[in-house]
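Input: a single structure, listed below in structure tokens.
The values are calculated or read from the model by the stated rules, or taken from the named source; none is laboratory data. What you are looking at is a predicted structure, and each value in this text was computed from that prediction instead of being measured. Every residue, glycine among them, receives a Cβ derived from its backbone with ideal geometry; neighbour counts consider all protein chains shown. Each accessible area value is taken on the protein alone, full model and side chains, heavy atoms only, with ligands, DNA and RNA left out. Shrake-Rupley method; radii C 1.70, N 1.55, O 1.52, S 1.80 Å.
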Amino acid sequence: MTPGLPRLDRLIRARAIHSMTGEVYRSAGLLGAGIAAVSADPDGLDDLAGDGTVITDAGDLTLLPAFADSHEHLMEASRNTLLVPVDRARSVAEFTAIVAAAARAAAPGAWILTSMAWHESGLAENRLPTGAELDEAAPGHPVLARRGGHLAVASTAALTAAGVGPGTPDPPGGKFGRRPDGRPDGVLEGGAVWQVAAFAPAATRADLVAGLGRGSAAYAALGVGTIREAMISPAELAAYQDAAELGALSVRVRPLIRVGNELTADAAVALIDGLGARSGSGDDWLRIWGLKFVMDGGVEGGALEQPYADDATHSGHLNWDPAVMTEVCSHAVGLGWRIGTHAAGDRAVRTVLDVYEAVAAAVAGPGPLPPWTLVVEHALLSDPAQRKRVVRGGFGVTVQHPLLWNMGSEMLQTWGADRTRQVSPLDEWLAAGADLAVGTDMARPFNPMLNVWGMATRGTKAAGVQGPEHAIGVATALELYTMGTARLNHDQDRLGSITPGKLADLVAYPADPMTADVDDLPSLTPAFTIVGGRVVHDPGGRLGPASA
Ligand SMILES: [Zn+2]
């Protein structure tokens, strides 16, 4: 026994423990929320064990730091768990049957709100359900079936509840689908979604807390320990705070609060001043990362330097006037806020860099801004000059291969083959020397090992391999997915590696991802996950009695 050291709470002996800073250990000792000691010898920590130490012999398992997702929508994924699960449907008939079952279980006349995580391409008929089909499935119930953020189908009762009729004009930036006689048919686009959704009951904070509990547990079960929550409202921040205080979160959260482009400069400044906090507020479980701006759309609305491949008259849209955004961001950074801005297309990336360079010049003190103060989110398309500007400016970048994995086919159609191959070139960002972190942006639990496979192969769901020359090694992908995001979150002294003194966020796998065949990675799932010394996933009971 080493005198003076308290006994470990937990001792894990494993086949390999990759620190992510170059060392490989064989045993790790946990005490409280942290890593107390590590050893290259499986028995090297035995004299730190006492009667109360839970010992796990895991010679068949390899440990890594738990994954840290640089950009994901946990709130949206959690809210979907509260909604009618039409994302399970594989046909329109299944879709309406799920709606009908929910209506039978609901109070008469209650709203039926579906999960947003579905797409008609997942239905055998490859079409939206109609408003009339929703009427038939849930007679007398307002039904709102939102599909992602920009489209929905509403039942007649939902349209009536929202006061939408034949004479209702289309809202700005939106459209009501109409029958030949002009009556709305239930399909809602853009602003029309919000016009109807405003009449649906909002989830209560208690509901959101329950959803966050379920949602965060699903991510922890895939080995995720930290999520940088990419966009919430101030009210949703309160729900996160409730969940954290109740111990309901299974992952750490680093939220970004949305500053909407519909605001004037004065209104945006007032919103920021009214938050009464700034980046870094909170604790190890819930700490505010910063503010979120959205500069352009996605695959359908991303602002491109060259026209779309399928529409020569279209090159996407920019949401912010750069002068207004510069004014708002300069104010925020002056107060100590960090900023992440969604920029999908190369024209959006260039415009965000114009803004960021102006902000850095406006608020520069004696030295440059701290790293990871101004961050470009996604940068799906970028050119070498833009990547140089990111590095020269000291800005950060978050990259999510699953966007290419999931939407490669749509990108081929709208952006064309040449641009799709160039999406998210991690190798180019690394060669340029950029501050880089990786994640998912899928708004649903996504296996990090499938993501690592994607980064290492450039493989996609349905568009084959896109730009294999931009692949990076598995070890590099793992580093960006742990230490990279820890740096982005200013957590690098607390998280990101298996190092004594850091928090005990660990994931164990039955194969060693560093040496496994890369094509075996997508089917690899954790044996257990520990966050802050707490067992958050252990389906096989490998860790023995749960620690406090
Ligand atoms: Zn996002």
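Kindly indicate the residue of region 384-407 that is more than 24 Å from residue 457 (Cβ to Cβ) and among the charged types (D, E, K, R) and also nearest to the ligand (Cβ to nearest atom) among those meeting that condition.
389
Pick out the one residue from 173, 165 that is open to solvent by less than 70 Å² (accessible area, probe 1.4 Å), without any contact (Cβ under 8 Å) to a residue 24 or more places away in the chain and more than 20 Å from residue 113 (Cα to Cα).
Of 173, 165, the one residue that is open to solvent by less than 70 Å² (accessible area, probe 1.4 Å), without any contact (Cβ under 8 Å) to a residue 24 or more places away in the chain and more than 20 Å from residue 113 (Cα to Cα) is 165.
Out of the residues in region 440-450 that are over 13 Å from residue 475 (Cα atoms) and not in a loop (DSSP other than H, G, I, E, B), which is least open to solvent (accessible area, probe 1.4 Å)?
Of everything passing the filter in region 440-450, 448 is least open to solvent (accessible area, probe 1.4 Å).
Just give me the residues in region 364-383 being open to solvent by 50 Å² or more (accessible area, probe 1.4 Å), within 25 Å of the chain's Cα centre (by Cα) and farther than 30 Å from residue 461 by Cβ, in sequence order.
The answer is 370, 371.
When both residues are 6+ apart or on different chains and their Cβ atoms are under 7 Å apart, which pairs have a first residue that lies in region 59-86 and is closer than 17 Å to residue 514 by Cβ, and a second that is part of a loop (DSSP other than H, G, I, E, B) and among the acidic types (Asp, Glu)?
These pairs meet every condition: 62/512; 65/505; 66/505.
When region 321-363 is examined, which residues are found to be open to solvent by 10 Å² or more (accessible area, probe 1.4 Å) and either part of a loop (DSSP other than H, G, I, E, B) or within 16 Å of the ligand (Cβ to nearest atom) (or both)?
Those that are open to solvent by 10 Å² or more (accessible area, probe 1.4 Å) and either part of a loop (DSSP other than H, G, I, E, B) or within 16 Å of the ligand (Cβ to nearest atom) (or both): 321, 335, 336, 338, 342.
Please count how many residues of region 188-221 are closer than 26 Å to residue 439 by Cβ and part of a loop (DSSP other than H, G, I, E, B).
Of the residues in that region, 2 qualify.
Those residues that are at negative phi and assigned to a loop (DSSP other than H, G, I, E, B), I need them from region 514-534; list them, please.
514, 515, 516, 517, 524, 525, 526, 527
Look at region 222-241 and say how many of its residues are part of a loop (DSSP other than H, G, I, E, B), open to solvent by 30 Å² or more (accessible area, probe 1.4 Å) and more than 10 Å from residue 258 (Cβ to Cβ).
Total satisfying the criteria: 1.
Out of the residues in region 391-410 that are in contact with a Leu (Cβ under 7 Å, 6 or more places away or on another chain) and of a type in the set (A, V, I, L, M, F, W, C), state the one that is surrounded by the most Cβ atoms within 10 Å (Cβ to Cβ).
399
Taking region 304-320 on its own, how many of its residues are assigned to a loop (DSSP other than H, G, I, E, B), away from the ligand (no atom under 16 Å from the Cβ) and either under 25 Å from the mean Cα position of the chain (by Cα) or within 30 Å of residue 270 (Cβ to Cβ) (or both)?
Total meeting the criteria: 4.
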